[in-house]
C-alpha cells in the first residue's frame with residue numbers, strides 16, 4: 001500500500017457518500033491504495049450512521065451533491081454542526097449553475113470558501129491535491145495515480 005503518511009503518522013479517515021456503487025467502491029479502493037481509511041455510505045441516513053458509529057474521527061467527507069434520496073450537502077451541514085473542522089469535498093456531475101436553490105442555500109450554510117467542489121469526472125491527482133489541502137498540506141508523499 002502506498003502510505004500517504006510516513007514515520008508512523010496517523011492514517012486519515014474519509015467518509016465517501018455516493019449512491020452510485022460503480023463510483024463509490026472504486027473511489028474507496030483508490031483512497032485506500034493511497035493510504036486513507038475509508039467508510040462508505042449510499043444515502044444520508046447511512047452516512048450519518050457511519051459518522052456516529054465509528055470509533056475514529058472522520059477527517060474528510062467526500063459527498064455527491066445530488067443523491068437519489070437527499071443531498072450530500074445536507075449531510076455535510078449536519079456533520080459540520082458536530083465537527084466544525086471536517087474537510088468537505090463536494091462531487092457533482094452538474095455545473096453549479098444548475099444546482100437546485102436548496103443546494104445553494106446549504107452551500108451558503110457551509111460557507112462556500114470552506115468546501116472544495118470537484119466536477120465529475122475528476123482526475124486522481126486533482127482529488128488527492130484537494131484532500132491534502134483540506135488536511136493542511138505537507139502530509140503528501142509521492143503518490144502514484146491510478
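Principal-axis analysis of the Cα atoms of the chain puts helix 124-134 at an angle of about 80° to the longest axis. The simple spin-label model puts a point 7 Å past each Cα toward its Cβ; for residue 11 and residue 132 those points are separated by 2.1 nm.
Please compute the modelled spin-label separation between residue 33 and residue 113, points set 7 Å along Cα→Cβ, answer in nm with one decimal. Each label point lies 7 Å from its Cα, and together they span 3.6 nm.
For the chain, the antiparallel share of DSSP beta bridges with both residues in that region comes to about 5%. What do you get for the angle between helix 21-33 and the principal long axis of the chain? Use alpha-carbon atoms, 0 to 90 degrees, nearest ten. With both axes taken from Cα atoms, the answer is about 30 degrees.
Extension gain, residue 102 to residue 123, is 4.8 nm, computed as 0.36 nm per intervening residue step minus the present C-alpha separation. The shape of the stretch 13-134 can be summarised by an equivalent ellipsoid whose semi-axes, obtained from the alpha carbon gyration tensor, come to 19, 17, 14 Å from longest to shortest. In terms of other Cβ atoms within 10 Å, 77, 60 run from fewest to most in the order 77, 60.
A Förster distance of 25 Å, applied to the separation of the beta-carbon atoms of residue 94 and residue 69, puts the FRET efficiency at 0.90. The long axis of helix 44-53 is offset from the longest Cα principal axis of the chain by roughly 40 degrees.
Taken together, the values in this text are just the output of simple stated rules run on the coordinates, not laboratory data. Note that the coordinates shown come from a computational prediction; the quantities given were computed from them, not determined experimentally. Glycine also receives a Cβ, built like all others from the backbone with ideal geometry; neighbour counts cover every protein chain displayed.
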